[in-house]
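The values are calculated or read from the model by the stated rules, or taken from the named source; none is laboratory data. Keep in mind it's a predicted model, so treat the numbers as computed, not measured. For neighbour counting, all protein chains shown are included, and Cβ atoms are generated from backbone atoms with ideal geometry for every residue, glycine included.
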Amino acid sequence: MQIIENSIVKEKIYIEKLENGLTVMIFPKQGIQKKFVIWATNYGSIDNKFIIPGQVETTQVPDGVAHFLEHKLFEQENGTNSLDTLTALGVNPNAYTTTDHTAYLYECTDNFYPALDELMNYVQNPYFTDENVKKEKGIIGQEIMMYDDYPEMLVYMNALKAMYKNTPINIDVAGTIDTVNKIDKDILYKCYNTFYNPANMVMFFAGEFNPDEIVQEVKKRLTQNNQQGEIKRIYESEPKEVVKKEIEAKMDISIPMFVIGIKEDNIQKPEEMVKKHIAIEILLNTIIGKSSKLYKQLYEEGILQEELSTEYEFSKIYSYALISGASNEPQKVLTRILEEIERLKQNGIDEEDFNRNKKMMYGIYVKAYNNIEDISKMFVADYFKGINSFDYIENYTQVTKEYAQKILEDVFKEEQTILSVVR
Amino acid sequence: MEYIAETIKEGIKVHYRNTKKYKTNLVTVFLTVPLNKQTVTKNALITSILRLGTKSLPTQEEINKKLEEMYGAEFNCGIEKIGDNQLLKFYIEVLNDEFIPKKEKLLQEAINQLLEIIFNPVTENGSFVRKYIETEKVNLKNIIESKINDKDQYSFERCIDEMYKDSPYSIYKYGYVEDIDKITDEELYNQYQELIKTAKIDIYVSGDYNQDEIKDIIKNNPNIQKLPPRANIIEKQNVENDAKVVPEINSRPQTIEEKMNVTQGKLVIGLDINDDNKYVLGIYNAILGATATSKLFQNVREKASLAYSARSVYVRQKNNIYIRCGIEINNYDKAIPIIYDQLEDMKKGDFTDEDIDTAKKTFISAIKAIQDEQDEEITYFISQELSGEKPDFDEYMNQINSVTKEQIQDAANKISVNTIYFLTK
C-alpha cells in the first residue's frame, strides 16, 4: 500500500490499487465519530460520446444519462430501494453527478459495515425496467424545473453557454426535459456496463479506520473482477474563442446577478495544473478580492455592496475562471475589472498584495482538512483530474510573483471574457 | 465532551469548548435581543456597519488586509432568528498555531480583533461613519428585497408570516425596507449603545487552546471590561399556540395563494401542534417527512412522482412543523389529498416499529455528527442556551430512545393543519 504523508496538515493518505483496477484511498482521522465513504466513477455529464472497450464504432447517448443512472442505481430487483435501506440503518446516504464523475456516498456514526454491504451491493447490481425508468423521468423533470427557478443557476449556466460552443458543460448536468425523455433502459445498461467497471472507479474512506482492514473488507464485497480495456471518450473540438461576449436573461429578482467568465484558450499540462490553480486563485483575489483597491472603489461608488465570489474550474478538457456577484451595474463592474487587469499587466502585481494573498491561500488549503466530507469530496474530485489534493499545500511555496504575473498574461484576456446577467 | 460555560458578568457568558478535532479555532459572539418591530431593522443595519471599520482599523480594506495576514482568518457576521429572538452573530476562524509555519498566537489576536469590531467601531460626529451608514442602508435593502430570489425559502417565510401574523415570530430577521430610510444617524447610534448595554452576550471559543490563557485574554480585554452587567432580557422560548393565527372554524385551514413567475409551484403547509414533548415530535416529524423512508418522501415523491423535494421540518424552538414540497403547478389538487392521507395515517398509528427505529437512528446519528462540526456544534449550544436547557448530548439521545409508539400516535392526534401556502404561476 502506498502511503503519502503531509507534514504541514499532519495527515496521511493510504492508496491501494486492487487487481481488478479499483483504486481504494483511506484517510484515517482519529477521535471523531463520523465516517464518510464515497464510491465514484469517472463518468459525468460530459461523457456522451465514447467507444466501448472492444468495439470500433462510436456510441452517442442523450444528455443526462450519468445523472439518470445516479437516480436509478438505488432501485433493487427485490423491490427495495437502497436509499431506504441505508436510511433504515441510520446512516445518511446521498449521491451526486458532476461534469466528470458520479459519486455514491454515505456518512454514518454507527452501522458502518452493514451500510458498506448495501452501498457495494447496489452500485454493483443495477436493475432497470421500462416502468421504473419511466417513473424516474417525472422526478428528474421536477428536479430540472426546480433548478429553473434558481437565478444563480441560470446566470451560471448562461455564462457557460456564452463561453463554450461544443463542450457539453454548457448544458445542465441533469440534461433537459427533452433529452431525459429519450433515455431508456437499454441506454442506461449500456452506459452502466461501460463506465461502472472497477478500473474506472475510486473508493474513498475518511474517519477512524484501519487501512488494511478496509482494503480486505472492500475486496470481500467486490463481485466484478475483470479489468476492462480503456474507454475512449470523444469530445468535440472546442474553438478557442468564446461564443458570445454577453448574454442576458430575465427573472423575478431584486437586484441583477452577474457572472464574468474567462475562458482559457490553452489547456494546461496536467503537471502544471495545481501550481496554475494556486496562482489563479491568488490573482483573482488580487484583482477583485475583499482587500483589493478595486473592490474598495466599487464599494465606495455604490456599484458593489457585497464581495464578489471567484472560482477557477478545470478538467482535462476545459478551464475557466468565474467572478460572480450582484450589482445594479454589471457592465460597469466588467469594465472596471478589465481595466484593473490591464493595469496589473502594465505595472506588475504589488509585492505586498501578492504575499498577503498567498498567505491567505495557505490558510484556505489547511482549513480544507477540517471536515471529512470536504476532505473526501476534494480528494475524489482531484483524483479524476490526476491530482493528489496534498499537492496544493506541497506546491504552494513554488508559486512566485513572477509566475503569477506570467499566468496573468496567459489567462486573463479581454477577448476571452464574457458577461452573463440575469435581471 | 469538554465544555464549560462561565458567566463573567451578569448577562455575559463565555463558553469554552476544548477539542483537538480541527485545524482551526473558532470564536463566535452572539448578541441576543427579543424580536421587536421597532429595533429589528436598526439591529440588522448596525451589524453590517460594524464589519466596516474599527477605531484602529477604520476601513474594510484595512480589516481585510489584517485578516489575510492572519493566514486568511475568516471573519463574518450575520443575523439569525431563534424562537422569538434576534441574534447578531459575529465570528472569526483562524488556523491553530500548530499548523502555521511559526507560532504567532493567532487565537489571542483573533479574539481581540473580533471584540474590537463589535465593541469599538469607528465613529464620526457622534455616530457611525456617514458613508458607511449610507452604503449599508442600500445593502440592507438589497438583502431584504432579495428574499424573493430563493422561491423555496421565500415561500417558507411567507407561510410563517401568515401563521404568526402580528406576533414577534413573524418579524423578518433583517427587518423592513420601509423602515430603513426613516432611521437617522443619531437613532442608529443610540440603538447601538442600547444594544451593547442590554443584549445577552455569549462568546463561544471552540478549538485546541489553553483555557486559562484564553480566559485571561477575554477578561482583560478592554472592550469586555467596559461592558456593564445586564439583566436577562430573553424570555424562555414560549410555544404558546395562541400567538398563531386561529382561522375561523369554517375556513380552517387558512389557504393563501400567491403568484410569481415560477416554473415549479412551492407548497408549504404549517401545522398546529397541541403537544409539547419535543422528543416525541422530533420522531413524529422524522417519520412524516425528514428522511428518505418518510411518508412524504415515499408517497409524494417516490410513489406519485409528483415532486423532487417532499419533506417536513420541525422547528423545535417554536414547536412547529412545516411540510414543504416543490410540485408541478397543475398537481396541487393531486398533492394535497396525498399529504392529508399521510397526516391521517400518523393519527391512525399506521406506521411500523421499523419506521420508529429508523427515525431514532437518524436522530441519534445526527446528534453525534453535530459534535464533529465546529460551527454546527456552536449553533446547537446557543439554541440550547436560549431555551434554558443544558447542552447534554447523552441526555438528548436517551430521551430520543425512550419515545414510544403510543406517544407518537397520541401527538399525531393533537396535530392539525393551520395554513396552506402555495406559490404559483
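Here the condition is being farther than 27 Å from A:E352 by Cα, of a type in the set (V, I, T) and in contact with a Cys (Cβ under 8 Å, 6 or more places away or on another chain); of B:T19, B:T47, it holds for B:T47 alone. Tally the residues that are outside any loop (DSSP other than H, G, I, E, B), surrounded by 21 or more Cβ atoms within 10 Å (Cβ to Cβ) and facing chain B (nearest Cβ under 9 Å), restricting the search to region A:147-165. The qualifying residues number 1. What do you reckon, is A:L116 more than 14 Å from every other protein chain (Cβ to nearest Cβ) and aliphatic (A, V, I, L, M)? When the stated conditions are applied, A:L116 passes them. Just checking, which of B:Y332, B:Y380 is within 22 Å of A:C108 (Cα to Cα) and hydroxyl-bearing (S, T, Y)? Only one candidate passes the filter, namely B:Y380.
Okay, residues lined up against (1) over 19 Å from B:V417 (Cβ atoms); (2) crowded, with 21+ Cβ neighbours inside 10 Å:
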| residue | (1), (2) |
| --- | --- |
| B:L288 | no, yes |
| B:T291 | yes, yes |
| B:R301 | yes, yes |
| B:S312 | no, yes |
| B:R324 | no, yes |
| B:Y332 | no, no |
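Which count do you get for residues in region A:22-56 that are under 30 Å from A:I169 (Cα atoms) and either within 23 Å of the chain's Cα centre (by Cα) or not assigned by TED's automatic domain parsing to the domain that holds A:M120 (or both)? Residues that pass the stated criteria total 19. Taken as a whole, the structure leaves B:Q384 outside the set of residues that are more than 26 Å from the chain's Cα centre (by Cα) and away from chain A (no Cβ under 14 Å). Evaluated against (1) under 26 Å from A:E373 (Cβ atoms); (2) within 18 Å of the chain's Cα centre (by Cα); (3) among the charged types (D, E, K, R), B:K81 falls short on exactly one condition, (1).
Residues of region A:355-379 being of a type outside the set (A, V, I, L, M), surrounded by 21 or more Cβ atoms within 10 Å (Cβ to Cβ) and over 30 Å from A:T41 (Cβ atoms), which ones? Within region A:355-379, A:R356, A:N357, A:K358, A:Y362, A:G363 qualify. Mind telling me which of the residues B:D372, B:D333, B:D350 ends up being assigned by TED's automatic domain parsing to the domain that holds B:F393 and either in contact with a Ser or Thr (Cβ under 7 Å, 6 or more places away or on another chain) or not in a loop (DSSP other than H, G, I, E, B) (or both)? B:D333 is the lone residue from the list that is assigned by TED's automatic domain parsing to the domain that holds B:F393 and either in contact with a Ser or Thr (Cβ under 7 Å, 6 or more places away or on another chain) or not in a loop (DSSP other than H, G, I, E, B) (or both).
Among the criteria (1) away from chain B (no Cβ under 13 Å); (2) in contact (Cβ under 8 Å) with a residue 40 or more places away in the chain; (3) in a strand (DSSP E or B), the one A:Y312 does not fulfil is (2).
Scanning region A:68-109 for residues that are β-branched (V, I, T) and closer than 17 Å to B:Q298 by Cβ turns up A:T80, A:T85, A:T87. Quick check on region A:96-104. Is at least one of its residues free of Cβ contacts under 8 Å to residues at least 60 places away in the same chain and either assigned by TED's automatic domain parsing to the domain that holds A:E75 or part of a helix (DSSP H, G or I) (or both)? So far as region A:96-104 goes, yes, one or more of its residues are free of Cβ contacts under 8 Å to residues at least 60 places away in the same chain and either assigned by TED's automatic domain parsing to the domain that holds A:E75 or part of a helix (DSSP H, G or I) (or both).
Okay, residues lined up against (1) away from chain A (no Cβ under 14 Å); (2) more than 19 Å from B:I49 (Cα to Cα); (3) of a type outside the set (V, I, T):
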position	(1), (2), (3)
B:N149	no, yes, yes
B:Y154	no, yes, yes
B:C159	yes, yes, yes
B:E162	yes, yes, yes
B:P168	yes, yes, yes
B:K173	yes, no, yes
B:I180	no, no, no
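Of the helices (runs of 4 or more DSSP H) that lie entirely inside region A:194-309, those containing 1 or more residues that are away from chain B (no Cβ under 14 Å) span A:211-221, A:273-288.
If you go through region A:366-389 and pick out every residue that is touching a residue at least 60 places away in the same chain (Cβ under 8 Å), within 14 Å of chain B (Cβ to nearest Cβ) and assigned to a helix (DSSP H, G or I), you end up with 5.
The number of residues in region B:314-330 being part of a loop (DSSP other than H, G, I, E, B) and within 15 Å of A:M146 (Cβ to Cβ) comes to 1.
Might you let me know whether region A:366-378 holds any residue that is within 13 Å of the chain's Cα centre (by Cα), of a type in the set (A, V, I, L, M) and outside the structural domain of A:I26 (by TED's automatic domain parsing)? Yes - at least one qualifying residue is present in region A:366-378. Being in a strand (DSSP E or B) and facing chain A (nearest Cβ under 8 Å): is that true of B:E93 here? Judged against the criteria, B:E93 is a match.
Residues in region B:252-269 that are touching a Lys or Arg at 6+ places or on another chain (Cβ under 6 Å) and away from chain A (no Cβ under 12 Å): B:V268 alone. The single condition among (1) crowded, with 19+ Cβ neighbours inside 10 Å; (2) more than 13 Å from chain A (Cβ to nearest Cβ); (3) closer than 22 Å to A:N370 by Cβ that B:Q86 does not meet is (3). From the list B:T59, B:T47, B:T32, B:T28, the one residue that fits, being surrounded by fewer than 19 Cβ atoms within 10 Å (Cβ to Cβ) and either among the β-branched types (V, I, T) or outside the structural domain of B:K215 (by TED's automatic domain parsing) (or both), is B:T59. When B:Q298, B:Q384, B:Q399 are checked against the criterion of being under 19 Å from B:D275 (Cα atoms), in a helix (DSSP H, G or I) and outside the structural domain of B:F156 (by TED's automatic domain parsing), B:Q399 stands alone in meeting it.
Reported count of residues in region B:7-61, each being among the charged types (D, E, K, R) and farther than 26 Å from B:G126 by Cβ, is 7. Put simply, of A:K367, A:K406, A:K358, A:K401 the only residue that is in contact with an Asp or Glu (Cβ under 9 Å, 6 or more places away or on another chain) and either within 18 Å of A:K275 (Cβ to Cβ) or among the small types (G, A, S) (or both) is A:K401. Taking region A:341-354 on its own, how many of its residues are surrounded by fewer than 19 Cβ atoms within 10 Å (Cβ to Cβ) and in a helix (DSSP H, G or I)? Total satisfying the criteria: 7.
For (1) more than 13 Å from every other protein chain (Cβ to nearest Cβ); (2) at negative phi; (3) touching a Pro at 6+ places or on another chain (Cβ under 9 Å), each residue gets a yes or a no:
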residue	(1), (2), (3)
B:Q298	no, yes, no
B:K347	yes, yes, no
B:D353	no, yes, no
B:A359	no, yes, no
B:A369	no, yes, no
B:E377	no, yes, yes
